[in-house]
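Below: one structure, written as structure tokens.
The values are calculated or read from the model by the stated rules, or taken from the named source; none is laboratory data. What you are looking at is a predicted structure, and each value in this text was computed from that prediction instead of being measured. So basically every Cβ, Gly included, is an ideal-geometry build from the backbone, and we count neighbours across all protein chains shown. Please note that ligands, DNA and RNA were not included when accessible areas were found on the heavy atoms of the full protein model with its side chains. Shrake-Rupley method; radii C 1.70, N 1.55, O 1.52, S 1.80 Å.
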Amino acid sequence: MQQGIKTKLQNKWLKILQLGLFGGLWLLLYFLVKQKTSLEAAAFYQYFERLDFSSYGILSIALILVGLNWTLETLKWQVLLSPAYAIGFLQALKGVLAGLGLALLGPQFLGDIAGRVLMLPAGNRGAAAGGVMLGSIIQTVVTLVFGCWGVFFLFQQLSPSVLVNLAYIAISIVVVASLIVFVWRKYASHWRERLSGFWKNLYDAIYSFPANLFNKVVLLAIGRYLVFIIQYLLIFYAFKVDLSISIMLGGISWVFLIKTIFPVLNAPGDLGLRELSAVFYFDFFGVDPLVIIITGLCVWCMNVLLPTLPGIFFTLQLKFRAS
């Protein structure tokens, strides 16, 4: 009984923390934007008035890339599972979307794991959880490496001397470390003896994974990241954001870097963090915060909200199956 009371209290505090993060992020974003521009509906509408035929064509291409995005994620999930369990593309897609649906309804990472794992037979769920963890680690490292581009451009605005040198150092460290982990994994084999418990199991999950499959997962993770980048760029061009492509690439990589370093507990909080980091970065380049919010919302709706609709349907299937 005491354990049940303790669990209820933990869930209560988790919900309070979720609401606090959600409210705090959006409140901070509101005051930041309010200082720069008007938040009236007419101010938002003016950007949609600028859309012409070519803009709608560009947005259509960005929307089509949603399919490619989640195709790459599904293929990645298939590869991650392949050493322990052969899974068809459609079943893998259902698991990916179910994870997305649960991630929107509750804690993101736990929801993603639960949705994918519960779509599999009971005997294969242990290996699947390790696959989710490994896939997440690989995607995180890819985001960190590309995110250094955004840090470089931001530091250049803050101080074009000392901080830029620090940025070069940070980029070098991350790239070298990533090469060691992903290309020359055998050189890190002696680390295992120094690990124990969770970290030893995590090490085994990473380094026992077949090298050829590991490389495929890395390539799919890079491909998915590049799809995100292209979508964001297309939406910037559709809304006539007048910046050099290098600065836009820096801003996009910065946004994904921040949401990776500071993971939040739920999807609304994730959206708030995306918008806040984007407004912060592009403010240095004189871009209206409203257009940055609009582009961020478009990317989020395309890649998260839209695929979540079938994901919630598959999530309901899981609940009926459990009952």
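Annotation for the stretch 63-72: no member residue is aromatic (Phe, Trp, Tyr), at pLDDT 85 or above and surrounded by 23 or more Cβ atoms within 10 Å (Cβ to Cβ).
Please tell me if Thr308 is under 24 Å from Leu97 (Cα atoms), in a helix (DSSP H, G or I) and in contact with a Gly (Cβ under 6 Å, 6 or more places away or on another chain). Against the criterion (under 24 Å from Leu97 (Cα atoms), in a helix (DSSP H, G or I) and in contact with a Gly (Cβ under 6 Å, 6 or more places away or on another chain)), Thr308 qualifies.
Per the listing Leu154, Leu158, the residue uniquely out of contact with any strand residue (DSSP E or B) (no Cβ under 9 Å at 6 or more places or on another chain), closer than 19 Å to Phe284 by Cα and modelled with pLDDT under 65 is Leu158. The single condition from (1) open to solvent by 20 Å² or more (accessible area, probe 1.4 Å); (2) touching a Phe, Trp or Tyr at 6+ places or on another chain (Cβ under 9 Å) that Ile261 fails is (2). Return a yes/no flag: does the stretch 94-107 have any residue that is part of a loop (DSSP other than H, G, I, E, B), more than 30 Å from Val291 (Cβ to Cβ) and in contact with a helix residue (DSSP H, G or I) (Cβ under 7 Å, 6 or more places away or on another chain). No: zero hits.
Mind checking whether some residue in the stretch 36-43 is modelled with pLDDT under 55, in a loop (DSSP other than H, G, I, E, B), among the hydroxyl-bearing types (Ser, Thr, Tyr) and out of contact with any helix residue (DSSP H, G or I) (no Cβ under 7 Å at 6 or more places or on another chain)? For the stretch 36-43, residues modelled with pLDDT under 55, in a loop (DSSP other than H, G, I, E, B), among the hydroxyl-bearing types (Ser, Thr, Tyr) and out of contact with any helix residue (DSSP H, G or I) (no Cβ under 7 Å at 6 or more places or on another chain): present. Scan the stretch 76-83 and give yes if some residue there is among the aromatic types (Phe, Trp, Tyr), at pLDDT 80 or above and open to solvent by less than 20 Å² (accessible area, probe 1.4 Å), otherwise no. Yes; the residues of the stretch 76-83 include at least one that is among the aromatic types (Phe, Trp, Tyr), at pLDDT 80 or above and open to solvent by less than 20 Å² (accessible area, probe 1.4 Å).
Inspection of the stretch 219-230 identifies at least one residue that is closer than 26 Å to Asp52 by Cβ, open to solvent by 20 Å² or more (accessible area, probe 1.4 Å) and at pLDDT 85 or above.
Residues in the stretch 257-279 include none that are at pLDDT 80 or above, in contact with an Asp or Glu (Cβ under 7 Å, 6 or more places away or on another chain), assigned to a helix (DSSP H, G or I) and β-branched (Val, Ile, Thr).
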